[in-house]
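Participant: Below is the structure I would like to discuss, written out as structure tokens.
Taken together, the values in this text are just the output of simple stated rules run on the coordinates, not laboratory data. Please read all numbers here as calculations on a predicted model, not as lab measurements. Methodologically, a virtual Cβ is constructed for each residue, glycine included, from the backbone with ideal geometry; neighbour enumeration extends over all protein chains shown.
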């Protein structure tokens, strides 16, 4: 088993070195963003059994429920298996998106009509931007918003409105080509929202770079650090990202993350703690600006 996990780490390091050295980032749906030194860091698909981590130790969860949501609940849920070409395709990210949509509608009471799920070729930068913007036009101060992404990550030097020397991105597509939604762009897309109760979940490599989205009232859950990988495989629930499986399926749907006995109700922080404890060979991280624990 140790050799298996070491091989996964070596593959991830290799992927960091073989990615393209310079790419023009496409962003047809939300304004052109030029970027150089872009490297797509591919989520690793694990073939074979997977080991669990250790005992869940509350680190993000405080055990005190915060202010409950007062209004409507909205979500944009994205998962991409089918990337341009074939060498970058994944197997289980669409299943991650389906799982997250199921949890939101069946566990937390989101209306299905308020959950905008975009997968594969429908998960273009334009469509994702439009889904976020459409929610922005109807959301009110008492509402809640969830943004979920499962797929590849990237890094580079992007003119995306911030001052970072190196930017991180989630990898989507546009017009049959790779496209990138940079961290600075997401900051702009989610600025000026009438509500500050926003949950972000990123199951991708380099996800830790999305901590720039942190603000009062928001929780940003990231499957990896700013410079490390994320995994997927059949070993997790028949086919999921490792983080999504422990966070959403076991943690929330099965309520295994209910460490503080909220009568089977799992908070975002509890689900994160459970996922972090069980993930192997990747390090989830969180940026939590919500007071006490957020129950979606």
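Participant: If you project the alpha carbons of the range 164-250 onto their three principal axes, what span does each projection cover, largest first, in Å?
Facilitator: That gives 40, 33, 26 Å along the principal axes, largest extent first.
Participant: Further question on the same structure: Please work out whether the range 187-296 counts as rounded, prolate or oblate from its C-alpha gyration tensor, where a ≥ b ≥ c are the square roots of the eigenvalues and a/c under 1.5 means rounded, while otherwise a/b larger than b/c means prolate and anything else oblate?
Facilitator: Oblate, because a/c is 1.5 or more while a/b does not exceed b/c.
Participant: Can you work out the PRE-style zone for residue 98? Point 7 Å along Cα to Cβ, and I want the residues of the range 219-238 with backbone N under 18 Å.
Facilitator: 232-238
Participant: Still on this structure: Determine the gain in length on full extension of the stretch residue 67-residue 196; use 0.36 nm per residue of separation and subtract their C-alpha separation, reporting nm with one decimal.
Facilitator: Working it through step by step, the gained length comes to 45.2 nm.
Participant: Here's a follow-up. Looking at the square roots a ≥ b ≥ c of the eigenvalues of the Cα gyration tensor of the range 111-262, which shape do they give, rounded for a/c under 1.5, prolate if a/b is larger than b/c, or oblate?
Facilitator: Here the range 111-262 falls in the rounded category.
Participant: Given just the C-alpha atoms of the chain, how large is their convex hull per residue in cubic angstrom?
Facilitator: On the way: hull volume 33.7 nm³, N = 296.
Measuring per residue, one finds 114 Å³ for the Cα hull of the chain.
Participant: Which FRET efficiency value, to the nearest 0.05, is calculated for residue 111 and residue 52 with the Förster distance at 35 angstrom and r the Cβ-Cβ distance?
Facilitator: Details: r = 34 Å, r/R0 = 0.98.
Given R0 = 35 Å and the Cβ-Cβ separation, E is 0.55.
Participant: May I ask you to derive the FRET efficiency for residue 157 and residue 214 from their Cβ-Cβ distance with R0 = 30 Å, giving the value to the nearest 0.05?
Facilitator: Approximately 0.85, to the nearest 0.05.
Participant: While we're on this one: Looking at the P(r) of the range 48-187, how many percent of alpha-carbon pairs lie beyond 19 Å?
Facilitator: Beyond 19 Å sits 62 percent of the P(r) for the range 48-187.
Participant: How do 258, 273, 216 line up, fewest other C-beta atoms within 10 Å first?
Facilitator: Fewest to most other Cβ atoms nearby, the residues stand as 216, 258, 273.
Participant: Something else: From the Cα gyration tensor of the range 80-142, with a ≥ b ≥ c the square roots of its eigenvalues, which class applies: rounded if a/c is under 1.5, or else prolate if a/b is larger than b/c, or else oblate? If you can, show how the numbers build up before the last one.
Facilitator: Values: a/c = 3.92, a/b = 1.50, b/c = 2.61.
Taking the square roots of the gyration eigenvalues as a ≥ b ≥ c, the range 80-142 is oblate.
Participant: Across 5 Å bins from 0, what is the distribution of all Cα-Cα pair distances for the range 42-130, in whole percents?
Facilitator: Computed distribution, short to long bins: 3, 11, 15, 15, 17, 16, 13, 8, 2, 0.
Participant: Hey, fewest Cβ within 10 Å first, where do 96, 288 land in order?
Facilitator: By the 10 Å Cβ count, ascending, the order reads 288, 96.
Participant: Order these by the 10 Å Cβ neighbour count, fewest first: 86, 230, 204, 191.
Facilitator: Starting with the residue having the fewest Cβ neighbours, the order is 86, 191, 204, 230.
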